[in-house]
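Trainee: Here it is, the structure in full.
The values are calculated or read from the model by the stated rules, or taken from the named source; none is laboratory data. Fair warning: this is a prediction, and the values are worked out from it, not measured in the lab. Note that each Cβ is placed from the backbone with ideal geometry, even for glycine, and that neighbours are counted across all protein chains shown.
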Amino acid sequence: MPGRIGHLGDVMAALRTEGIRYAIRDLAVLADKLTSEGREIIPLNLGDPLQFDFRTPPHMIEAVTKALCDGKNTYAPSLGADEALEAVRAEAERNGIRNIQSVFITAGVTEGVDICLTALVNPGENVLTPCPEYPLYSAVLAKLGAQPNTYLLDEGDDWQPDLDHLRSRIFTGTRAIVLINPNNPTGAVYSRQTLEAIAEMARQNNLVIVSDEIYDKLILDGMPHIPIASLAPDVPVVTLNGLSKSYQVPGWRVGWGVVSGEAAAVKPYVEGIHKLLRARLCSNHPQQYGVRPALEGPQNHLVEVLRKLRARRDLTVDWCRRTPRVSCVPPRGAFYAFPSLDIEDRDEDFVKQLLLEKHVLVVHGSGFDQAPGTRHFRIVFLPDEATLSRAYAGIGAFLAEHYR
């Protein structure tokens, strides 16, 4: 008689996944349900320029198309194609970065963050991340078993890092400081004084700086963007950047990292990064042939991009100033605003009910680990002015109906 087949138990997810949230896309599940019911949703949640009236520069498409036709469909070298690596190094040097010890291509900045933190942090150690933050960082650190350690961005000081609070959060086991400059979700651009102070903290405490600068060409008010690595050639810095935002190709997944600092000090860390890059084989190969045309080719598309973003930022800030229970620090870079809400309800409940009633999709500030006791929501102001005006009219009506 054949033996009885036993009942299989539930296959449980690993404990490391329990703390992982990604509010930007989690809310889209509810939006998709409403869309399937015939509702028209105004999406102000996802920073994808190509969902709106922005287009990839043609010369980049031509370069990648040529690479495909020329058979660049093999594995690439683990660090990246030589042409792309040379272009990234040259761009970093033009931006004043010296003591470059490694350049590598990744599948977007997302993979770069994962690899650079994985190569650095042991379980139980911690990395300083901004509050509010972009949720990718806490997700990766949760996966690595690292301890959360946040430092405040000061809303009263144009969302610059609170240097005193940052200094107070450096403990035994702190390995790195994460900077996002220009910042997501606040749109802040950090001053030279702030960056010099952070570089000095890293120098004194033997910390690595991981600087996410993906929005460096999207500065809205003419002030310069300063790579922190250019101010501190001796300090270990990983500068992360890519094509997605400034060059309008988020789907290509082309990012890169530039490690700078004293050669002897960063050598073991660079070797760890290279091991991980080899283990995952390579980044997308054909798309890497868009890097040199992007960085060294015509930049005229940025003129129109910045014109649109300034107009849409100004419309957004003006609406915030005119709307009761809303206030906003004007964003200086990228395409995000992070207004504050003067309400008693949870901001997550606010944005869900707003979506259900007015079909406007924004992201709650608690999804970005905002400071305790505060309530915000993030706006992506990429849509055209007419669409933004409709969205803001809906949010204004919602506020008037629920928070008299």
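Trainee: Please go through the range 209-219 and pick out each residue that is among the hydrophobic types (A, V, I, L, M, F, W, C) and touching a helix residue (DSSP H, G or I) at 6+ places or on another chain (Cβ under 7 Å).
Mentor: If we filter the range 209-219 for residues that are among the hydrophobic types (A, V, I, L, M, F, W, C), which is where we start, we get 209-210, 214, 218-219.
Of everything in the range 209-219, those that are among the hydrophobic types (A, V, I, L, M, F, W, C) and touching a helix residue (DSSP H, G or I) at 6+ places or on another chain (Cβ under 7 Å) turn out to be Ile209, Val210, Ile214, Leu218.
Trainee: Something else about it: Consider only pairs whose beta carbons are under 8 Å apart and that are at least six residues apart or on different chains; among these, list those whose first residue lies in the range 186-202 and is over 16 Å from Gly333 (Cα atoms) and whose second residue is outside any helix (DSSP H, G or I) and among the acidic types (Asp, Glu).
Mentor: Short answer, once both residue conditions are applied: none.
Trainee: Select from the range 220-260 the residues that are out of contact with any helix residue (DSSP H, G or I) (no Cβ under 6 Å at 6 or more places or on another chain) and more than 22 Å from Arg175 (Cβ to Cβ) and list them in ascending order. Explain how you work it out, then say what you get.
Mentor: Step one: of the range 220-260, the residues out of contact with any helix residue (DSSP H, G or I) (no Cβ under 6 Å at 6 or more places or on another chain) are 221-225, 227, 229-230, 233-234, 241, 245-246, 249-251.
Selection gives Asp221, Gly222, Met223, Pro224, His225, Ser230, Lys245, Ser246, Val249, Pro250, Gly251.
Trainee: If I ask for residues that are crowded, with 22+ Cβ neighbours inside 10 Å and polar (S, T, N, Q), which ones from the range 335-388 would you list?
Mentor: The one that is crowded, with 22+ Cβ neighbours inside 10 Å and polar (S, T, N, Q): Gln370.
Trainee: Restricting to the range 47-88, what's the tally of residues that are of a type in the set (A, V, I, L, M, F, W, C), surrounded by 15 or more Cβ atoms within 10 Å (Cβ to Cβ) and over 24 Å from Val103 (Cα atoms)?
Mentor: Residues flagged as of a type in the set (A, V, I, L, M, F, W, C), surrounded by 15 or more Cβ atoms within 10 Å (Cβ to Cβ) and over 24 Å from Val103 (Cα atoms) within the range 47-88 amount to 2.
Trainee: Considering Arg167, Arg203, Arg175, which residue is out of contact with any Lys or Arg (no Cβ under 8 Å at 6 or more places or on another chain) and in a strand (DSSP E or B)? Talk me through it step by step, then tell me what you get.
Mentor: Numbers: Arg167 fails: in a strand (DSSP E or B); Arg203 fails: in a strand (DSSP E or B).
Matching residue, one of Arg167, Arg203, Arg175: Arg175.
Trainee: Let me ask something else. Which of the following residues is at pLDDT 95 or above, of a type in the set (S, T, N, Q) and more than 23 Å from Tyr269 (Cα to Cα): Thr110, Thr74, Thr106?
Mentor: Details: Thr110 fails: more than 23 Å from Tyr269 (Cα to Cα); Thr106 fails: more than 23 Å from Tyr269 (Cα to Cα).
When all the criteria are applied, what remains is Thr74.
Trainee: Just for the range 262-299: of the residues that are of a type in the set (Lys, Arg) and surrounded by fewer than 19 Cβ atoms within 10 Å (Cβ to Cβ), which one is farthest from the chain's Cα centre (by Cα)? Spell out the reasoning first.
Mentor: Restricting attention to the range 262-299, the residues satisfying the condition of being of a type in the set (Lys, Arg) are 267, 275, 278, 280, 292.
Narrowing the set further to residues that are surrounded by fewer than 19 Cβ atoms within 10 Å (Cβ to Cβ) leaves 267, 275, 278, 280.
Details: Lys267: 27, Lys275: 24, Arg278: 24, Arg280: 22 Å.
My answer is Lys267.
Trainee: Working only within the range 180-197, note down all residues that are touching a helix residue (DSSP H, G or I) at 6+ places or on another chain (Cβ under 7 Å) and closer than 25 Å to Gly108 by Cβ.
Mentor: Residues satisfying the conditions are Pro185, Leu195.
Trainee: Here's something else I'd like to know. Going by what's in this entry, would Val140 be described as in contact with a Pro (Cβ under 7 Å, 6 or more places away or on another chain), not aromatic (Phe, Trp, Tyr) and not assigned by TED's automatic domain parsing to the domain that holds Phe338?
Mentor: Spelling it out, it is not the case that Val140 is in contact with a Pro (Cβ under 7 Å, 6 or more places away or on another chain), not aromatic (Phe, Trp, Tyr) and not assigned by TED's automatic domain parsing to the domain that holds Phe338.
Trainee: With the checklist (1) assigned to a strand (DSSP E or B); (2) more than 21 Å from the chain's Cα centre (by Cα) in hand, flag the one item Thr150 doesn't pass.
Mentor: All conditions pass for Thr150, except number (2).
Trainee: Which residues, taken from the range 102-118, are over 22 Å from Ser246 (Cα atoms) and buried (at least 19 other Cβ atoms within 10 Å of the Cβ)?
Mentor: Going through the range 102-118, the residues over 22 Å from Ser246 (Cα atoms) turn out to be 102, 115-118.
Result: Ser102, Ile115, Cys116, Leu117.
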